[in-house]
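Worksheet for the structure shown next.
The values are calculated or read from the model by the stated rules, or taken from the named source; none is laboratory data. Because the structure is a prediction, the values reported are computed rather than measured. We place every Cβ from the backbone using ideal geometry, glycine too, and count neighbours over all the protein chains shown. In case anyone asks, the SASA skips ligands and DNA or RNA and just uses the protein heavy atoms, side chains included. Shrake-Rupley method; radii C 1.70, N 1.55, O 1.52, S 1.80 Å.
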Amino acid sequence: MQSDTPLGGPVAVALTGASGAQYGLRLIECLVAAGQPLYVMISKAAHRVIAIETELDLPAQPERLAAALSERFGAEAGQIRCFGREDWLAPVASGSGDWRALVVCPCSTGTLSAIACGASDNLIERAADVALKERRPLIVVPREMPLSQIHLENMLTLTRMGAVVMPASPGFYHRPQSVADMVDFVVARMLAQLGIPQRLMPSWGE
Ligand SMILES: Cc1cc2nc3c(=O)[nH]c(=O)nc-3n(C[C@H](O)[C@H](O)[C@H](O)COP(=O)(O)O)c2cc1C
């Protein structure tokens, strides 16, 4: 299906149960502000992490979740669509679906592993599997430390398949004054990967 959006279709964003929910939420906020249509998936563990790490109390039911995120981030009606764990008829479940990239942020080591072996046991894993087989951009943002051999090998596997692995590791050379500055450092790099202009961070050398 031909997309009528200027950037070539919705971007899919999946939040999984690694620490760092702020990264994924801020990414959604910036993509909404850029006028980007979004498909959002939030795993059960991610809901738990969001409740612990933020003041948000997001509903699990997809339509209610879309309404809550839209209100929070000032999205246009229909700009954000959410899908549940077994919404196999969602656009992201197929290569014929109209979407241009998937960002898994934060990405738990569990989901990292499932993506690396093609488990496709839930919609997030299936969307990643589709991205890989269709050669669409797949960006994963793992957060764990230290990293085991399993984690490192799974990241290498995904990198070799063309995915971009971006561990959530903010730099300090821009002298962050707040947690928000550190979050924006990571989000700016994700936006750059998606080809979306951003003003969160100056480009190197600017
Ligand atoms: C508060 C909290 C923080 C967590 N932090 C991490 C983390 O940083 N990295 C990670 O890989 N898993 C972390 N976990 C564990 C994952 O949530 C757990 O492995 C879960 O099964 C992942 O499921 P999902 O990939 O379907 O979201 C955390 C869990 C909780 C409740």
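Which one of 159, 16, 54 has the biggest mean-square fluctuation once the chain is modelled by GNM with Cα springs under 10 Å? Of 159, 16, 54, the Gaussian network model singles out 54 as fluctuating most. Normalising the Debye intensity of the chain to I(0), with uniform scatterers on Cα atoms only, and taking log10 at q = 0.11, 0.12 Å⁻¹ returns -0.46, -0.56.
Along the axis of the charge dipole computed for the chain (Cβ charges of +1 for Lys and Arg, -1 for Asp and Glu, origin at the Cα centre), the listed residues 17, 117, 74 are led at the positive end by 117. Counting heavy atoms of the protein chains alone, residue 99 has an accessible area of about 10 Å² for a 1.4 Å probe. Summarised as an ellipsoid, segment 94-134 has semi-axes of 17, 11, 8 Å, derived from the eigenvalues of the Cα gyration tensor scaled by 5 and square-rooted, with the largest first.
Peptides 164-170, 38-44 ranked from most to least packed by the mean count of surrounding Cβ atoms within 10 Å: 38-44, 164-170. Database remark: amide H of residue 42 closer than 5 angstrom to the amide H of 15, 83 (H placed geometrically; neighbours at sequence offset of 5 or more, or on other chains; Pro and chain starts carry no H). Here, segment 1-90 has an Rg and a Dmax of 12.7, 40 Å when only alpha carbons are counted. When the chain is treated as a Gaussian network with alpha carbon springs shorter than 10 Å, the biggest mean-square fluctuation among 35, 97, 171 belongs to 171. The portion of the accessible surface of segment 91-206 made up by carbon and sulfur, rounded to a whole percent, is 53 (1.4 Å probe; DNA, RNA and ligands excluded).
What does the charge dipole of segment 57-161 about its Cα centre add up to, to the nearest 20 debye, if the Cβ of each Lys and Arg holds +1 and the Cβ of each Asp and Glu holds -1?
My answer is approximately 300 debye.
If you count only protein heavy atoms with a 1.4 Å probe, what accessible area per residue comes out for the chain, rounded to a whole Å²?
Details: 10660 Å² over 206 residues.
Ligands and nucleic acids excluded, the figure is 52 Å² per residue.
For the pair residue 119 and residue 199, the difference between a 0.36 nm per residue extended length and the Cα-Cα distance amounts to 25.1 nm. In this Cβ point-charge picture (+1 for Lys and Arg, -1 for Asp and Glu), the chain has a dipole of about 340 debye about its Cα centre. The residue among 83, 161, 61 whose Cα reaches farthest toward the positive pole of the charge dipole of segment 43-173, with charges on the beta-carbon of Lys, Arg, Asp and Glu, is 161. For segment 89-206, the alpha carbon positions stretch 42, 35, 22 Å along the principal axes, listed from largest to smallest.
The calculated 222 nm mean residue ellipticity attributable to helices in the chain amounts to -12500 deg cm²/dmol, summing -39500 (n - 2.57) over DSSP H runs of n ≥ 4 and dividing by all residues.
Evaluate the relative contact order of the chain (contact order divided by residue number), counting alpha-carbon pairs under 8 angstrom at least 6 apart; express in whole percent. Don't skip to the end; give the middle numbers.
Working: 359 pairs, mean separation 43.4, N = 206.
Computed value for the chain: 21 percent relative contact order.
Diffusion coefficient of segment 133-175 by Stokes-Einstein, Kirkwood radius over Cα pairs, 10 °C, 1.306 mPa s: 136 µm²/s.
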